[in-house]
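Right, one structure below, let's go through it.
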Protein chains: 2
Amino acid sequence: MDSISQQRIQVTFDYPVLFTDGLFQPDNPTLRQILARTTDVDGPGQVLFIIDSGVHDAHPGLAAAIDGYTAAHAAAVQLAARPLVITGGEASKNDPAVLHQVHQAIHDARLCRHSYVAAIGGGAVLDVVGYAAATAHRGIRLIRIPTTVLAQDDSAVGVKNGVNAFGKKNFLGTFAPPFAVINDVGFLATLSDRDWRSGISEAIKVAIVRDPAFFAAIEADAAKLVARDAAAMERLIRRSAALHLAHISSGGDPFELGSSRPLDFGHWAAHKLEQSTDYRLRHGEAVAVGMALDSAYAHVQGFLPERDLRRVLDLLVAVGFELLPPELAQTLSEPAPGSSVLDGLEEFREHLGGTLTIMLIRGLGEPFDVHEIDRNAMMRSIEVLARAQDAARAASAARRAS
Amino acid sequence: MDSISQQRIQVTFDYPVLFTDGLFQPDNPTLRQILARTTDVDGPGQVLFIIDSGVHDAHPGLAAAIDGYTAAHAAAVQLAARPLVITGGEASKNDPAVLHQVHQAIHDARLCRHSYVAAIGGGAVLDVVGYAAATAHRGIRLIRIPTTVLAQDDSAVGVKNGVNAFGKKNFLGTFAPPFAVINDVGFLATLSDRDWRSGISEAIKVAIVRDPAFFAAIEADAAKLVARDAAAMERLIRRSAALHLAHISSGGDPFELGSSRPLDFGHWAAHKLEQSTDYRLRHGEAVAVGMALDSAYAHVQGFLPERDLRRVLDLLVAVGFELLPPELAQTLSEPAPGSSVLDGLEEFREHLGGTLTIMLIRGLGEPFDVHEIDRNAMMRSIEVLARAQDAARAASAARRAS
């Protein structure tokens with residue numbers, strides 16, 4: 001005879017997302033206050049800092065600043081070991097040795113579940129360190145200190161981590177809310193123009209899908225963003241982060257156990273383009289292309305008015321994104337046109353599971369889902385991008401000439 | 001200026017724990033009904049079966065039975081690939097190649113997050129397969145089909161998985177509730193006497209800590225359990241599993257994010273003894289020793305009355321456990337007596353995090369925590385076990401002689 005016990009488990013995660021400037025200046029209270037949140041450990045919090053090599057190189061004084069900060073706040077924070085510097089960028093997610101290196105450091109430092117791993121870096125480093133921390137001792141507390149626009153306005157405020165494996169992006173990972181997220185605007189000043197720009201696309205994405213007023217605000221700030229105006233960027237990051245946080249907490253299914261979806265407008269093509277360009281395209285750049293493509297597709301299929309398509313493409317161009325990388329243009333002349341990109345639809349379905357679901361838009365703030373993609377219409381959408389890109393280049397050349 | 005968004009995320013997990021006999025007999029509805037629980041995928045559930053080599057050897061007809069079952073229920077269940085047989089026992093958790101093998105199989109079968117991994121085996125295999133499933137695509141649905149007493153009455157109904165690394169038990173793992181647990185009593189018949197007995201200790205543990213009436217019921221059933229009475233074992237497993245489930249769901253902190261504790265009476269020494277005997281001692285055998293030791297310690301320290309200590313030791317002896325393995329006896333004559341075991345206290349603290357917390361008892365159903373252990377008193381406790389073991393052997397010899 002069969003019989004059943006039905007087990008129900010409810011878990012609540014709480015974490016602060018803080019904004020500061022000069023996190024490791026001796027008088028900055030942020031980190032000290034975060035470690036004071038818990039009272040389950042006597043004495044100072046034991047912290048292992050793990051630093052993105054790119055950040056380490058761009059901020060030669062960082063390790064000394066961390067030393068100074070911990071010395072000034074010794075009652076609250078103690079270094080569990082010397083900070084560890086790891087490879088930055090997508091390479092850190094592709095190389096299993098980096099994951100092992102972080103696990104090894106956690107082991108060597110004898111961290112316990114009530115200790116802290118503080119990851120300082122771009123989204124890729126936060127992903128691999130987050131995965132290592134989530135799996136060591138079934139979860140060591142993770143403090144994310146994102147240093148790029150992309151990480152501050154989107155990925156670092158969320159509940160995911162991961163590394164690439166078997167040639168698949170984020171094949172390994174978990175849903176694991178951080179203990180805290182600290183956005184220090186001070187890190188953004190040393191970003192390359194390309195990284196500064198790249199992170200803007202996730203803000204544009206959430207504006208397109210969720211908040212037309214935010215979209216208009218980005219349009220108004222576009223020239224300032226290009227000119228690296230710090231105040232404009234901070235406005236963008238705060239609003240984007242808040243919208244991403246709201247999506248996660250209000251969706252009812254933050255770990256995507258059912259059919260809940262991440263905010264993944266434009267992401268199926270983005271994932272594929274990152275891979276097929278061997279990560280020559282940054283994630284944000286690929287997302288910009290993906291959003292342009294799916295907006296064009298929505299227009300070609302009769303869902304999105306010309307005027308709204310124009311606003312999306314114009315804003316992407318205005319902040320400096322390419323709409324059509326050579327790799328996407330080339331797919332038009334493949335033996336089976338577009339197949340190298342369109343295969344990404346099946347990989348995207350497999351990663352998220354269940355039925356293929358692609359988000360399109362009928363207008364700003366009006367997303368909807370489709371479960372099939374017409375390959376010929378997608379080819380015509382790539383052609384739309386080619387024409388838009390040509391027009392943008394011509395306009396730019398005309399401005400320079402005048 | 002610092003500013004804060006406080007993010008709150010609530011996640012609810014529901015899973016059934018089912019009891020059946022003959023899971024893969026063609027007319028058994030259990031698996032089909034479980035797969036019918038969700039409606040987010042059209043068509044049959046895609047299932048990858050992963051089988052413990054020990055179970056595979058003991059049940060030569062298993063793979064054919066699975067084929068027959070899936071053929072009979074093709075509308076509900078489909079094999080995503082041929083079943084994969086992996087190394088059984090603790091070796092599967094010690095060898096990173098086994099974890100990789102499961103990830104590879106998930107990749108090769110192109111499983112998505114709405115597919116299923118069904119793990120058939122003992123606790124170690126369920127742990128490594130559970131870890132692989134929890135991390136692939138950030139979590140593929142896991143159906144646990146435990147085949148040992150220990151897994152059916154304790155570990156498989158819970159929310160943990162893990163593998164060993166850096167010489168530490170369960171150094172890597174996650175908290176990840178399964179999609180379903182199916183306890184098939186049919187698998188228990190082929191267990192060795194040692195495995196049959198070994199799993200009883202976790203039932204005795206939860207009885208000691210939570211349910212004196214259950215303890216008395218095990219005392220009454222002891223002779224039947226030794227005689228491998230299936231009905232007595234099923235009673236024990238159902239009540240033990242129910243108590244473990246209640247502990248997880250009612251404790252308010254199932255992922256042990258705060259200071260919540262697992263039901264780990266006797267476990268600090270058990271972990272250390274498993275390691276120091278190179279897993280010659282099975283987990284259940286080591287837990288029996290650990291419970292005997294901490295009961296003796298509670299008595300030596302004046303907390304536990306002689307009469308209650310006697311009942312604990314007598315029941316462990318009655319179902320066939322050794323109270324004092326040679327490795328523990330030897331620690332009395334070390335240069336620093338007991339150090340090879342007592343070092344396990346710090347490792348245990350590190351694994352659970354925070355302050356050292358050891359559960360002791362004042363009586364059956366009366367647990368309490370201490371945060372320090374007196375090494376000399378622990379040495380005297382080992383001597384108590386030595387005397388009890390001698391007395392038990394003498395009594396056994398007298399019974400055989402009479």
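List the aspartates and glutamates whose Cα lies under 15 Å from the Cα of residue A:205, skipping any in the same chain that are fewer than 8 positions away.
Leaving aside aspartates and glutamates fewer than 8 places away in the same chain, those within reach of residue A:205 are A:153, A:154, A:219, A:264, A:285, A:294, A:308, A:314, A:366.
From the phi angles alone, apply the Karplus equation (6.51, -1.76, 1.60; θ = phi - 60°) to the range B:172-185 and give each ³J(HN,Hα) in whole Hz, x where the residue is Gly or Pro.
10, x, 9, 8, 8, x, x, 6, 6, 10, 10, 8, 9, 5
Once you place label points 7 Å from the Cα toward the Cβ at residue A:71 and residue B:234, how far apart are they in nm?
Output for this residue pair reads 7.0 nm.
Test of understanding: express the Cα radius of gyration of the range B:17-191 as a ratio to 2.2 N^0.38 Å, with N the residue count.
Details: Rg = 14.7 Å, N = 175, 2.2 N^0.38 = 15.7 Å.
Ratio of Cα Rg to 2.2 N^0.38 Å: 0.94.
Across the Cα atoms of the protein assembly as shown, what radius of gyration and what greatest pairwise Cα-Cα distance (Dmax) are found, in Å?
29.0, 114
Could you tell me which residue out of B:16, B:178, A:328 lies farthest along the dipole of the protein assembly as shown toward its positive end? Charges go on the beta carbon: Lys and Arg +1, Asp and Glu -1, centred on the Cα centre.
It is B:16.
Please list, in order along the range B:209-226, the HN-Hα scalar couplings obtained from phi with the Karplus expression 6.51 cos²θ - 1.76 cosθ + 1.60 (θ = phi - 60°), rounded to whole Hz, x for Gly and Pro.
7, 10, 8, x, 5, 5, 4, 5, 5, 5, 4, 5, 8, 3, 5, 5, 5, 5
Averaging over all projection directions, find the projected area of the Cα convex hull of the range B:2-84 and quote it in nm² with one decimal place.
Convex hull of Cα atoms, orientation-averaged projection: 9.2 nm².
If you build a Gaussian network model of chain A, linking Cα atoms that sit under 10 Å apart, which residue out of A:335, A:26, A:16 swings the most?
Greatest mean-square fluctuation among the candidates belongs to A:335.
Using the number of other C-beta atoms within 10 angstrom as an exposure proxy, rank A:67, A:195, A:308 with the fewest first.
A:67, A:195, A:308
What order do you get for B:70, A:355 when you list them from fewest to most C-beta neighbours inside 10 Å?
Going from least to most buried by this count: A:355, B:70.
Between residue A:96 and the same site in the other copies, what are the distances in nm, shortest first, taking label points 7 Å from Cα along the C-beta direction?
So the distances to the same position in the other copies read 0.7 nm.
Say each of residue A:78 and residue B:372 gets a label point 7 Å from the Cα, pointing the same way as Cα to Cβ; how far apart are those two points in nm?
Calculated label separation equals 1.8 nm.
Kirkwood Rh, the range A:317-402, all Cα pairs: how many Å?
Roughly 15.1 Å, rounded to one decimal.
Let a ≥ b ≥ c be the square roots of the eigenvalues of the Cα gyration tensor of the range A:47-132; is it rounded (a/c under 1.5), or, if not, prolate (a/b larger than b/c) or oblate? Walk me through the intermediate numbers first.
Working: a/c = 2.35, a/b = 1.29, b/c = 1.83.
Cα axes put the range A:47-132 in the oblate bin.
When only alpha-carbon atoms count, how far does the range B:201-396 stretch along each of its three principal axes, as whole angstroms with the largest first?
48, 47, 33
Which of the three applies to the range A:145-190, rounded, prolate or oblate, going by the alpha-carbon gyration tensor with a ≥ b ≥ c and a/c under 1.5 meaning rounded?
Working: a/c = 3.54, a/b = 1.71, b/c = 2.07.
Oblate shape, in that a/c is at least 1.5 and b/c is the bigger or equal ratio.
Taking amide H atoms as placed 1.01 Å from N in the peptide plane, list the residues 5 or more away in sequence, or in a different chain, whose amide H sits under 5 Å from that of residue B:360.
So residue B:360 has HN proximity to B:368, B:369, B:370.
Taking the Cα centroid of the range B:264-283 and of the range B:99-173, what is the distance between the two, rounded to the nearest whole Å?
So the separation of the two Cα centres works out to 21 Å.
Springs between alpha-carbon pairs under 10 angstrom, Gaussian network model over chain B: which of B:258, B:89, B:338 fluctuates most?
Of the options given, B:258 has the highest mean-square fluctuation.
Past the 20 Å Cα-Cα mark, which pairs from A:93/B:168; B:93/B:160; A:160/A:224; A:169/A:272; B:93/B:272?
The answer is A:93/B:168; A:160/A:224.
From the alpha carbon gyration tensor of the range B:250-319, can you work out the equivalent ellipsoid semi-axes (sqrt of 5 times each eigenvalue) and give them in Å, largest to smallest?
23, 19, 11
Taking a quarter of the surface of the Cα convex hull of chain A, what do you get in nm²?
23.3 nm²
Measuring label to label, 7 Å along Cα→Cβ, what does residue B:37 give against each other copy in nm, shortest first?
3.1
Just rank A:368, B:265, fewest to most, by other beta-carbon atoms within 10 angstrom.
If I rank by nearby Cβ atoms, fewest first, I get A:368, B:265.
Bin by bin, in steps of 5 Å, what percent of the Cα pairs in the range B:152-220 do you find, going until the bin that has the longest distance?
Percent of Cα pairs in each bin: 4, 13, 15, 18, 23, 18, 7, 2, 0.
May I ask you to report, in nm to one decimal and beginning with the shortest, the distances from residue A:339 to the same position in the other copies, taking label points 7 Å along Cα-to-Cβ?
Nearest to farthest, the other copies are at 6.8 nm.
Any idea how far apart residue A:8 and residue B:399 come out in nm if each label point goes 7 Å out from Cα toward Cβ?
Here the modelled spin labels are 4.6 nm apart.
Could you work out [θ]222 nm for the protein assembly as shown from helices alone, using -39500 (n - 2.57) per DSSP H run of at least four and dividing by all its residues? Round to the nearest 500 deg cm²/dmol.
My calculation for the protein assembly as shown gives -15000 deg cm²/dmol from helical runs alone.
Which is farthest toward the positive dipole end of the protein assembly as shown among A:134, B:166, B:43, measuring Cα position about the Cα centre, with Cβ charges +1 (Lys, Arg) and -1 (Asp, Glu)?
B:43
Every read-out reported here was derived from the displayed coordinates using simple, explicitly stated rules and does not represent laboratory data. Note that the structure is predicted; figures quoted are calculated from it, not measured. Cβ: placed from backbone, ideal geometry, glycine included. Neighbour counts: every protein chain shown.
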